[in-house]
Amino acid sequence: MKRLADFRNIGIMAHVDAGKTTLTERMLYFTGITHKLGNVDEGNTVMDSDPQEEKRGITISSAAITTYWKHNNNTWQVNIIDTPGHVDFTAEVERSLRVLDSAIAVFCARSGVQPQSETVWHQANHYNIPRIVFINKMDRQGADFQRVVKEIRQRLNANVLPVQLPIGAEDTFTGVVDLIKMKALVWNSEDGKTYDELEIPADMQTVAREGRNYLLEELSLLDESLLNKYTADPDSITADDIYTALRGATIRMEAVPVLAGAAYKNKGIQPLLDAVVTYLPAPVDIPQVSAMDPLTDEPVMINTNETAPLAGLAFKIITDDYVGKLTLVRIYAGTLKSGDTLWNSRTGRKVRISRLMRIMSDKYETIDEISAGDIGAVVGLKDVKTGDTLSHPDHPLLLEKISFPEPMIGYA
Ligand code: GDP
């Protein structure tokens, strides 16, 4: 059974044109291939086909795609959930933000913070979504990493902490300095599919040391055990100390790690995926979720674990040419199994779960169950709409308050 700690439910949020679609596609490409090969060594596997040539029956906008990433001898299941581009506080946006645990915020290295990105950022604050920043399009004319970092700090009032510095910009963007490992990651092929870990170039050593010091100083203010080490002997601080401190600060939303890349050129994707599993929270890091008892209207807290009574939220319905109607559900507690009979919060009636599926980047996979913290699809589910809670008939729950009544068509 998958450990709850090994899931990541992430969204990708961006201003239109920042590169969200390209980045999503590249993430699926890198993870999809590594999944098929079944072995990836620290993310620098040699890949043999071009993403453009990769055939996918499933479009990347299909609402929630499961993929896997290997890092540090562990395989992580990353569910990428489509986050609407529009920025109003509608039920749909609220729901999509609710079903993800964290996000990658993408900014264009040239355009930086734009009015719409401010709204999306504040919305993510409102819904307590920890995030990392990916400054994309580093290859573009006018790309300026430090300017965008400054803009995010000033205009979004976010404690952004770069964990990388780009090496070069525009045509000369060739890699990044990893300020935690203190190594240069330099892409070694035109298409950026593989990279070498090298010594930091001589002309960047000073700026890299300054960047690392800034990271350590800021992070020490947020993490006591790092502060103790920093005061005693900064040289005793290991990469793991920094990962731990930064992960904690990111999840508490006190810090936002920042990375750089050029999605279009396949640059920066592996380190970004490493950052997703390193810094962003697992469902288990959000141990309790608020719900309501529909009989008493009293709020109840439900525990994120596989053995609790079931609580799932239907958050999106899609139709596929091959499999038909798919209802996407996020499971907050318990385990949803094919064959289960569940209670639907909106209709008050029971529904039967026949077949369960997982949407992979290139195929559908039939599965037997979906456990707490995970996302999956129920095939051909009747009489269930987005926003409906599915729970055990003996333990009815309501995850989303129904704010407006159903229109009563034909009622007179
Ligand atoms: P979205 O609107 O945020 O989904 O952005 P898209 O992924 O559709 O990208 C918008 C445009 O930017 C497209 O023309 C992409 O080819 C281009 N683009 C995306 N990533 C990069 C990048 O890393 N470098 C450059 N130069 N262009 C990019």
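The values are calculated or read from the model by the stated rules, or taken from the named source; none is laboratory data. Only a predicted model underlies this, so the values are computations on that prediction, with no experimental measurement involved. So basically every Cβ, Gly included, is an ideal-geometry build from the backbone, and we count neighbours across all protein chains shown. With ligands, DNA and RNA removed, areas are computed over all heavy atoms of the protein, side chains included. Shrake-Rupley method; radii C 1.70, N 1.55, O 1.52, S 1.80 Å.
Please pick out the residue among V277, V258 that is among the hydrophobic types (A, V, I, L, M, F, W, C), assigned to a strand (DSSP E or B) and either within 15 Å of the ligand (Cβ to nearest atom) or within 19 Å of the chain's Cα centre (by Cα) (or both). Talk me through it step by step, then tell me what you get.
On the way: V277 fails: assigned to a strand (DSSP E or B).
Answer to the selection: V258.
Could you grab me the full set of residues in the stretch 8-26 that are of a type in the set (A, V, I, L, M, F, W, C) and either more than 7 Å from the ligand (Cβ to nearest atom) or assigned to a helix (DSSP H, G or I) (or both)?
Just the residues of the stretch 8-26 that are of a type in the set (A, V, I, L, M, F, W, C), to begin with: 10, 12-14, 16, 18, 23.
Of everything in the stretch 8-26, those that are of a type in the set (A, V, I, L, M, F, W, C) and either more than 7 Å from the ligand (Cβ to nearest atom) or assigned to a helix (DSSP H, G or I) (or both) turn out to be I10, I12, M13, L23.
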Matching residues in the stretch 161-186 (in contact with a Phe, Trp or Tyr (Cβ under 9 Å, 6 or more places away or on another chain), open to solvent by 20 Å² or more (accessible area, probe 1.4 Å) and not in a strand (DSSP E or B)) number 2
Say whether the condition of being surrounded by 13 or more Cβ atoms within 10 Å (Cβ to Cβ) and more than 21 Å from V149 (Cα to Cα) is met by at least one residue in the stretch 212-225.
yes
With the requirement that a residue be among the aliphatic types (A, V, I, L, M) and open to solvent by 10 Å² or more (accessible area, probe 1.4 Å), what does the stretch 252-290 give you?
M253, V256, V284, I286, V289
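Can you spot a residue in the stretch 238-249 that is surrounded by 15 or more Cβ atoms within 10 Å (Cβ to Cβ), assigned to a strand (DSSP E or B) and touching a residue at least 60 places away in the same chain (Cβ under 8 Å)?
Of all residues in the stretch 238-249, those surrounded by 15 or more Cβ atoms within 10 Å (Cβ to Cβ) come to 241-249.
In the following step, the residues that additionally are assigned to a strand (DSSP E or B) were identified as none.
Looking for residues that are surrounded by 15 or more Cβ atoms within 10 Å (Cβ to Cβ), assigned to a strand (DSSP E or B) and touching a residue at least 60 places away in the same chain (Cβ under 8 Å), one finds none in the stretch 238-249, hence no.
Regarding Q116, is this residue within 16 Å of the ligand (Cβ to nearest atom) and at pLDDT 95 or above? Show your work before the answer.
Values: within 16 Å of the ligand (Cβ to nearest atom): yes; at pLDDT 95 or above: no.
Spelling it out, it is not the case that Q116 is within 16 Å of the ligand (Cβ to nearest atom) and at pLDDT 95 or above.
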Grab the strands (runs of 3 or more DSSP E) fully contained in the stretch 309-370, keeping just those with 3 or more residues being of a type in the set (G, A, S) and in contact (Cβ under 8 Å) with a residue 24 or more places away in the chain.
311-320
Do we find a residue being within 15 Å of the ligand (Cβ to nearest atom), open to solvent by less than 40 Å² (accessible area, probe 1.4 Å) and at pLDDT 95 or above anywhere in the stretch 120-128?
no
Going through S189, S225 one at a time, which residue ends up being free of Cβ contacts under 8 Å to residues at least 60 places away in the same chain and in a loop (DSSP other than H, G, I, E, B)?
S189
Taking the stretch 93-148 as the region of interest, how many residues are farther than 23 Å from A372 by Cβ, among the β-branched types (V, I, T) and in contact with a Gly (Cβ under 9 Å, 6 or more places away or on another chain)?
5
Which condition from (1) buried (at least 18 other Cβ atoms within 10 Å of the Cβ); (2) away from the ligand (no atom under 13 Å from the Cβ); (3) modelled with pLDDT of 60 or more is the one that V106 breaks?
(2)
